[in-house]
Amino acid sequence: MRTLNLIPFTELKTERLVLRQLKISDAEDQFVLRSSAEVGKYIARDLQTDVSQSEKFIEDRNEDIAQNKIMYWAITLKGETRLVGTICLWNFTVGNTVAEVGYDLNPEFQKKGIMSEALKAVVSYGFQNLEFSRIEAFTQIENQSSKLLLMKNQFQLHKTRIDEGFPKNIIFELYREDYLLNSL
Ligand SMILES: CC(C)(COP(=O)(O)OP(=O)(O)OC[C@H]1O[C@@H](n2cnc3c(N)ncnc32)[C@H](O)[C@@H]1OP(=O)(O)O)[C@@H](O)C(=O)NCCC(=O)NCCS
């Protein structure tokens with residue numbers, strides 16, 4: 001099993017964004033994401049009904065980071081503190097060499113290229129710094145925006161892999177060697 005060291009937490013900066021660690025004061029904004037039927041439409045998870053669930057969620061994710069189990073960023077616009085979305089690397093498998101990417105964005109901030117910018121930074125960090133050999137994404141087949149996002153960012157659909165228990169999901173993969181080759 002490969003040892004990952006996620007502490008101290010790595011903030012990522014892009015042209016328009018700062019990806020930083022979640023804080024308890026993000027609970028209201030996080031709750032907007034987790035209680036929205038629109039955001040959760042293609043995600044198999046229960047909607048939150050109370051902001052205290054977001055507070056607990058934030059505490060739990062930060063504990064997971066401290067235990068090197070997950071990397072979870074709040075997406076913010078440069079110069080603003082408000083959380084507009086989140087992105088994570090999680091579900092580390094195959095001896096910590098494979099990670100899954102997950103993301104969601106407040107609908108007010110969709111269709112501006114924000115997630116694409118965040119994903120590029122997270123993929124680069126995942127391959128260059130954490131040295132994962134593969135990053136995967138599980139997405140529902142009807143989730144057009146998510147599929148477009150992944151395809152724009154070099155992820156390839158694995159046509160025969162299935163997500164046991166989630167028949168609507170399809171699986172995209174990006175291999176480190178392909179990513180590095182294409183970044184030359
Ligand atoms: C999946 C999700 C994050 C995609 O968000 P998004 O904003 O569409 O993604 P992007 O950041 O790639 O933005 C792309 C769009 O921004 C537009 N855009 C506007 N300004 C842009 C800019 N400066 N740069 C790039 N794209 C820009 C693009 O044209 C594109 O629009 P199009 O899809 O109509 O062609 C979002 O739909 C979401 O949060 N969904 C709910 C949660 C979810 O389903 N998560 C996935 C679970 S697997």
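The values are calculated or read from the model by the stated rules, or taken from the named source; none is laboratory data. In this text, all values refer to a predicted model and were calculated from it rather than measured experimentally. Counting neighbours? That spans all protein chains shown, and the Cβs are built from the backbone with ideal geometry, glycine included. Calculation scope for accessible area: heavy atoms of the full protein, side chains included, ligands and nucleic acids excluded. Shrake-Rupley method; radii C 1.70, N 1.55, O 1.52, S 1.80 Å.
Of note:
- Filtered residue count, region 39-60, keeping only those that are basic (Lys, Arg), closer than 16 Å to GLY102 by Cα and more than 16 Å from the ligand (Cβ to nearest atom): 0
- ARG34 being under 20 Å from VAL101 (Cα atoms), within 15 Å of the chain's Cα centre (by Cα), charged (D, E, K, R) and within 16 Å of the ligand (Cβ to nearest atom): yes
- Region 27-57: number of residues that are touching a Ser or Thr at 6+ places or on another chain (Cβ under 8 Å) and in contact (Cβ under 8 Å) with a residue 40 or more places away in the chain: 3
- Residue ID - most open to solvent (accessible area, probe 1.4 Å), chosen from residues in region 150-168 that are outside any helix (DSSP H, G or I) and among the charged types (D, E, K, R): LYS159
- Count of region 10-69 residues, restricted to those that are open to solvent by 20 Å² or more (accessible area, probe 1.4 Å) and part of a helix (DSSP H, G or I), is 21.
- Summed over region 100-126, the residues that are open to solvent by less than 30 Å² (accessible area, probe 1.4 Å) and polar (S, T, N, Q) give a count of 2.
- Against the list (1) in contact (Cβ under 8 Å) with a residue 12 or more places away in the chain; (2) of a type in the set (S, T, N, Q); (3) out of contact with any strand residue (DSSP E or B) (no Cβ under 6 Å at 6 or more places or on another chain); (4) more than 26 Å from ARG34 (Cα to Cα), the condition THR160 fails is (1).
- Under the condition of being open to solvent by less than 30 Å² (accessible area, probe 1.4 Å) and away from the ligand (no atom under 16 Å from the Cβ), the residues counted in region 127-144 number 3.
- Residues that are in a strand (DSSP E or B), open to solvent by 20 Å² or more (accessible area, probe 1.4 Å) and not aliphatic (A, V, I, L, M), drawn from region 70-99: TRP90, ASN91, PHE92, THR93
- Put simply, of LYS111, LYS147 the only residue that is under 19 Å from ILE43 (Cβ atoms), within 9 Å of the ligand (Cβ to nearest atom) and part of a loop (DSSP other than H, G, I, E, B) is LYS111.
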